[in-house]
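Values quoted throughout were computed directly from the atomic coordinates according to the rules given, and no laboratory measurement underlies them. Since we're looking at a predicted model, the values are computed, not measured. Don't worry about glycine lacking a Cβ; one is built from the backbone with ideal geometry, like all the others, and counts go over all protein chains shown.
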Amino acid sequence: MISGSTRLVGLLGKPVAGSLSPRMQNAAFAARALDWAYVPLEVEPAQLADAVRGLVGTGFAGANVTIPHKQAIVALCDEATGDAVNTLVFEDGRVVGVDTDREIVAGIAARRVCLIGAGGAARALQAVLPGEVRSFSRSGTWPPDAAGADLIVNATPVTDELLVRPRHGQGLVDLAYRADGSETALVAAARAAGCEPVVDGLEALVRQGAASFERWTGVPAPVDVMRRAVGLSR
């Protein structure tokens, strides 16, 4: 139950109704016996600055930032890492922006990467992806060409369209997920082709969410609890 002493964290985006982050983070707070709560907050782009000021003024501990605000939020930070961030930490009235999306690809080796997308997540990942990165977006080079790539990264919200056809010998990281837990078209095709590794959108959500949790609370994230909360058994 939320009380006057509950620390609050928000999710700034549009839309946010289908996000599994509230379920995941609230399960993590409960597992660590923290009097914290995570709430989704749908914010229009024109109201983003007002929303951030409101969160700081009302004592929120921080926030996650999702589509379409990951790049615009940087201008509202007192300190930010990179030109796109997905996590805000409020410290003594200051807004610190960090990118925990990079945790999604930590430890993955690749020589050539096919990166699909042009939004905040794509920009954040481009800075940390291993090897040579070729970027594809509908406002730039299209359609995507994964020939010669040993890792495909989908940093778009597309779930139903097979943007490229993964082949055996390639790996896949797909940031998109369906709220019901069913596989996206890319993940299904990659698993059918025997691709390795395959990091689906739910695992990606957990990886970046665990890093956000630790930045806010200073407590180790209960990763297994977070995975179960979004429907992952491992």
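Any idea what the alpha-carbon Rg over 2.2 N^0.38 Å comes to for region 103-201? Spell out each step's value before the answer.
On the way: Rg = 12.0 Å, N = 99, 2.2 N^0.38 = 12.6 Å.
Here the Cα radius of gyration is 0.95 times the empirical estimate.
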task: Net charge near G82: determine it from the other residues with C-beta under 14 Å of the C-beta of G82, scoring Lys and Arg +1 and Asp and Glu -1.
output: -2
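Roughly how many debye, to the nearest 20, is the charge dipole of the chain about its Cα centre, given +1 on each Lys and Arg Cβ, -1 on each Asp and Glu Cβ, and no other charges?
Numbers: 22 positive and 25 negative charges, 66 e Å.
That gives the chain a dipole magnitude of about 320 debye.
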Extension gain from A192 to R134, taking 0.36 nm per residue of separation minus the Cα-Cα distance: 18.4 nm
- request: Quickly rank 140-147, 155-162 as a protection proxy: mean count of other C-beta atoms within 10 Å, highest first.
  value: 155-162, 140-147
- prompt: In the chain, with Lys and Arg counted as +1 and Asp and Glu as -1 at Cβ, which of these residues, A210, C77, P15, has the Cα nearest the positive end of the dipole, that is, farthest along it?
  reply: A210
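From the helices alone, meaning DSSP H stretches of at least four residues, give me the mean residue ellipticity at 222 nm for the chain, per-run term -39500 (n - 2.57), in deg cm²/dmol to the nearest 500. Kindly include the intermediate steps, with their values, before the conclusion.
On the way: 6 runs with 61 residues, N = 234.
So the helix-based figure for the chain works out to -7500 deg cm²/dmol.
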task: For V95, enumerate residues with amide H under 5 Å from its amide H, sequence gap 5+ or separate chain, H modeled in the peptide plane.
output: D78, E79
message: Explain nothing, just compute: Karplus ³J(HN,Hα) = 6.51 cos²θ - 1.76 cosθ + 1.60, θ = phi - 60°, for every residue of region 25-39 in order, whole Hz, x for Gly and Pro.
response: 5, 5, 5, 5, 4, 5, 5, 9, 6, 9, 7, 10, 9, 10, 10
- prompt: About its Cα centre, how strong a charge dipole does region 103-201 have in debye, to the nearest 20, once Lys and Arg get +1 and Asp and Glu get -1 at the Cβ?
  reply: 300
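How many percent of DSSP beta bridges within the chain run antiparallel, rounded to 5? Intermediate results must be reported in sequence, preceding the final value.
Details: 8 of 36 bridges.
Around 20 percent of the beta bridges assigned by DSSP in the chain are antiparallel ones.
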- prompt: Any idea which of I116, V230, L175 is furthest toward the positive side of the dipole for region 91-234, if Lys and Arg beta-carbons carry +1 and Asp and Glu beta-carbons -1?
  reply: I116
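Please give the charge dipole size of region 145-188, origin at the Cα centre, charges +1 on K and R Cβ atoms and -1 on D and E Cβ atoms. Round to the nearest 20 debye.
Details: 3 positive and 7 negative charges, 21 e Å.
Value, rounded to 20: 100 debye.
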